[in-house]
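Novice: The following block contains the structure, expressed as structure tokens.
The values are calculated or read from the model by the stated rules, or taken from the named source; none is laboratory data. Everything quoted here is computed from the prediction, not taken from an experiment. Glycine also receives a Cβ, built like all others from the backbone with ideal geometry; neighbour counts cover every protein chain displayed.
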Amino acid sequence: MASSDERAPRRRLSVAERRLQILEAARRLYATTPYAQLPVTRVAEAAEASAALVFHYFGSKAGLYEAVVADAVQRLADAQRAADAALPAGVPARDRVRTGLLIYLDHIAGHPHTWATPLTGGEEPAEVVRLRHRVRAGYVEELGRVLDPSDTARHDYALWGYFGFLDQACLRWVERGCPADDRHQLADAALGALEGALGDWGA
């Protein structure tokens, strides 16, 4: 029988597994620590890896943070698509928007600090600022597919303005501690703002 101090050799992780391990560690730490205050060495320690390995997989601290944000964006998109696909056929556009919005609020409540960073003056690398701009444009495009608005300037302003309203309303929700009882009131306010800007849900 093997002695009690003998240990089985650790399985060598594949490249994909090691990268994911580092990404998950970074995701957990960035959920509570601002970008500027989190050194790569802490991420490496949490992932049981070296800082050199982090740089090998992600190129830089900014590259690691960009990967964390991109992963969060993808998780949100996947959850919203799944929720939309589960709705009955022919559901009104307002209900589809509301469903996606409630998923978004769940996403925010899961890591409010990270979500609020770009709205509260927190430091982010230029790569992430550009990523957020691309994501916002994608959100506007997706909302347009759901609503099928006209090509008038009013409706263009309405779609972009909706997300501006949503930013500030959700930031206020975060400041209040993301109370679950306020989710539907926030959603109603945001949908009302969108409807008012469009003039009609049948835009």
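Novice: Please state which of the following conditions ASP71 fails to meet, knowing it meets all the rest: (1) surrounded by fewer than 17 Cβ atoms within 10 Å (Cβ to Cβ); (2) in contact with a His (Cβ under 6 Å, 6 or more places away or on another chain).
Specialist: With respect to (1) surrounded by fewer than 17 Cβ atoms within 10 Å (Cβ to Cβ); (2) in contact with a His (Cβ under 6 Å, 6 or more places away or on another chain), ASP71 is out only on (2).
Novice: Is one or more of the residues making up region 102-119 closer than 20 Å to VAL43 by Cα and among the β-branched types (Val, Ile, Thr)?
Specialist: The answer is yes, given that some residue of region 102-119 is closer than 20 Å to VAL43 by Cα and among the β-branched types (Val, Ile, Thr).
Every residue, every condition in (1) surrounded by 15 or more Cβ atoms within 10 Å (Cβ to Cβ); (2) at pLDDT below 95; (3) in contact with a His (Cβ under 8 Å, 6 or more places away or on another chain), yes or no:
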{"position": "LEU143", "(1), (2), (3)": "yes, no, no"}
{"position": "ASP148", "(1), (2), (3)": "no, yes, no"}
{"position": "LEU159", "(1), (2), (3)": "yes, no, no"}
{"position": "TYR162", "(1), (2), (3)": "yes, no, no"}
{"position": "LEU171", "(1), (2), (3)": "yes, no, no"}
{"position": "PRO179", "(1), (2), (3)": "no, no, no"}
{"position": "GLN185", "(1), (2), (3)": "no, no, no"}
{"position": "GLY192", "(1), (2), (3)": "no, no, no"}
{"position": "ALA203", "(1), (2), (3)": "yes, yes, yes"}
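Novice: Name the one entry in ARG42, ARG98, ARG18 that is assigned by the TED database to the domain that holds GLN168 and basic (Lys, Arg).
Specialist: Only one candidate passes the filter, namely ARG98.
Novice: Taking the stated definitions as given, is ALA79 modelled with pLDDT of 95 or more and within 26 Å of LEU186 (Cα to Cα)?
Specialist: In short, yes.
Novice: A follow-up question, please. Please name all residue pairs, on different chains or six or more residues apart, with Cβ atoms under 8 Å, provided the first residue is in region 29-43 and is over 18 Å from ALA126 (Cα atoms) and loosely packed, with under 15 Cβ neighbours inside 10 Å and the second residue is modelled with pLDDT under 95 and not β-branched (Val, Ile, Thr).
Specialist: From region 29-43, the pairs are THR32/HIS113.
Novice: So, one more: Within the bounds of region 165-177, is there any residue that is over 23 Å from THR117 (Cβ atoms) and touching a helix residue (DSSP H, G or I) at 6+ places or on another chain (Cβ under 8 Å)? Reasoning before the result, please.
Specialist: First, pick out the residues of region 165-177 that are over 23 Å from THR117 (Cβ atoms): none.
Checked region 165-177: no residue is over 23 Å from THR117 (Cβ atoms) and touching a helix residue (DSSP H, G or I) at 6+ places or on another chain (Cβ under 8 Å).
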